[in-house]
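The values are calculated or read from the model by the stated rules, or taken from the named source; none is laboratory data. Given the structure is predicted, the values throughout are model-derived calculations rather than measurements. Here Cβ is always computed from backbone atoms with ideal geometry, including for glycine, and neighbour counts include all displayed protein chains.
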Amino acid sequence: MQPHLRKCFDNVVKVEFSPEKGSHEILGMWSAEKEYVPFSGPVFATGAVEFWLSDIEAMMRKTLYDVSKNALDNYPEDGRQRDEWLFAQCAQAVLTVDQVTWTAGVTQAIQEVMKGKNKKAIEEF
């Protein structure tokens, strides 16, 4: 393979098939960073390829939604003490939930300042 094409394909997401001989079940996906995320449900590579590839894509979206929702539900009360939580989630969920919780915290702090409740709310956050 030509070097410039090899670089393009190095970042492709890969799927993991069941180790059972002859199995068509796809269990999860590997990111370009070598992080494995198990699927929320089964996907089978049977029938026309365009259909089961669409099924994989749909399951990828469902799985990332499910793991992100789970990560948000399990976010620690004190967001500064999240070491255990951080390493129990996949990277995409951590990035998403950290952005959601940070935005919510900043929004709340701005509202406190605007309402005159706490002039240092943003600084404290």
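Looking only at residues in region 68-92 that are assigned to a helix (DSSP H, G or I) and of a type in the set (F, W, Y), which one is farthest from P38 (Cα to Cα)? So, considering only residues that are assigned to a helix (DSSP H, G or I) and of a type in the set (F, W, Y), the one farthest from P38 (Cα to Cα) is W85.
In summary, strands (runs of 3 or more DSSP E) completely within region 1-60 and bearing 1 or more residues that are surrounded by 12 or more Cβ atoms within 10 Å (Cβ to Cβ) and at pLDDT 95 or above occur at 25-30, 36-44.
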